[in-house]
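What follows is a set of notes on a single structure, which appears directly below.
Quick note: the coordinates plus some simple rules give every number you see, no bench work behind them. Worth saying up front: this structure is predicted, and the values here are computed from it rather than measured. So basically every Cβ, Gly included, is an ideal-geometry build from the backbone, and we count neighbours across all protein chains shown.
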Amino acid sequence: MAEPFSVAPVPAAVPAPADVLVSIAIAGDLHDQWDGSDHSLIDLIRPDALLLVGDLSDGSSRIPSLLRRLETPLACVLGNHDTGRDASGGKLARQLDLLGDRHCGWGLRELRPPGLAIVGARPGSAGGGYHQSPAVRAVYGPVSLHESADRITRAALAADPTLPLVLLAHCGPSGLGSGPADPCGRDWKKPACDWGDLDLALAIRQIGRQRPVPLVVFGHMHHQLRRHQGERLSWCQDRAGTLYLNTACVPRHGVDSEGRRLRHLSWVCLRNGRPERLSHRWYGCDGQLLYEQMLWQAVVPSRC
Ligand SMILES: [Fe+2]
């Protein structure tokens, strides 16, 4: 007997590949606030990767020595304070020696696991467009704005294209606003202006022509504004979809009203290589997440 209507064969169900989740903890400007309690915390909460945006201290080797003992995959770029006002570059060079390939200024560091391509921007930046301090020049030689941008771009384009790309900088790029509370706005001196780095902004444009730049993390411009101007806006997103995260919560060690010791970390969750959530977190030293300020969350499409 003929079928009353034709029935298309139902394809066998193909299981969806499991989502790949990656958590990234970012320690903003440390200014010497990193010790055994931070290591214990990282061991307790186990982010998939740890990034440090520089200004570890004022030129001391203590923290680079400590970071060598951490097993969590990490990447770091040094900041302006890390030169220790040593124009010879000696203090900077000593820290670079200790950090080894954990430092990725002007270079690429692929973290496997968890599968991240971290590209460092210009080391030792103090923001303000483009300026190389004597210490940075002593260690790296003179580097022009365009050469700096090209170094960052080359490192990003050399990265495995299947890995999510994260740009790691001490100071963020120019172009994120010129008000005192903008992510890279100058708040300590009038008039307020855009204090971001021109070479990093140029590099982001150059890289963006070849591959997506999902995330740029940086510090230097502290969250607490000077002269009682309130709090800085610590994130933004551009028209290309790139997310910018200022992680400079200073001081990052604190105590809450109940006397509990707090440790600040900025936190990024990636799902299948794309940012899903950005937040600032304050942990207790026992690993308990005590406070979280949600900054941004992806709109998750309905599965219905
Ligand atoms: Fe700084």
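Quick rundown of the values:
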{"item": "Amide H partners (placed H, <5 Å) of G84, local residues excluded", "result": "G59"}
{"item": "Extension gain, R154 back to R277 (0.36 nm per residue minus Cα-Cα distance, nm)", "result": "41.5 nm"}
{"item": "Of all DSSP beta bridges in the chain, antiparallel share, percent nearest 5", "result": "60 percent"}
{"item": "Estimated 222 nm signal from helices in the chain, with DSSP H stretches of n ≥ 4 weighted -39500 (n - 2.57), rounded to 500", "result": "-5500 deg cm²/dmol"}
{"item": "Kirkwood Rh, angstrom, segment 91-160 [1 / mean 1/r, Cα pairs]", "result": "13.0 Å"}
{"item": "Calculated P(r) of segment 168-304 - Cα pairs past 20 Å, %", "result": "52 percent"}
{"item": "Tail beyond 23 Å, pair distance distribution of segment 12-99 (Cα, percent)", "result": "31 percent"}
{"item": "Burial ranking of peptide ranges 231-243, 42-54 (average Cβ count within 10 Å, highest at the top)", "result": "42-54, 231-243"}
{"item": "Hydrodynamic radius (Kirkwood) for the chain, which is based on Cα pairs only, to one decimal in Å", "result": "20.1 Å"}
{"item": "Semi-axis lengths (Å, descending) of the ellipsoid that matches the C-alpha gyration tensor of segment 58-131", "result": "22, 16, 8"}
{"item": "Fraction in percent of alpha-carbon pairs per bin - 10 Å, segment 125-206", "result": "18, 43, 30, 8, 0"}
{"item": "Cβ-derived FRET efficiency at R0 25 Å, A93 paired with R69, nearest 0.05", "result": "0.75"}
{"item": "Most to least packed among 219-226, 68-75, 189-196 [average Cβ atoms within 10 Å]", "result": "219-226, 189-196, 68-75"}
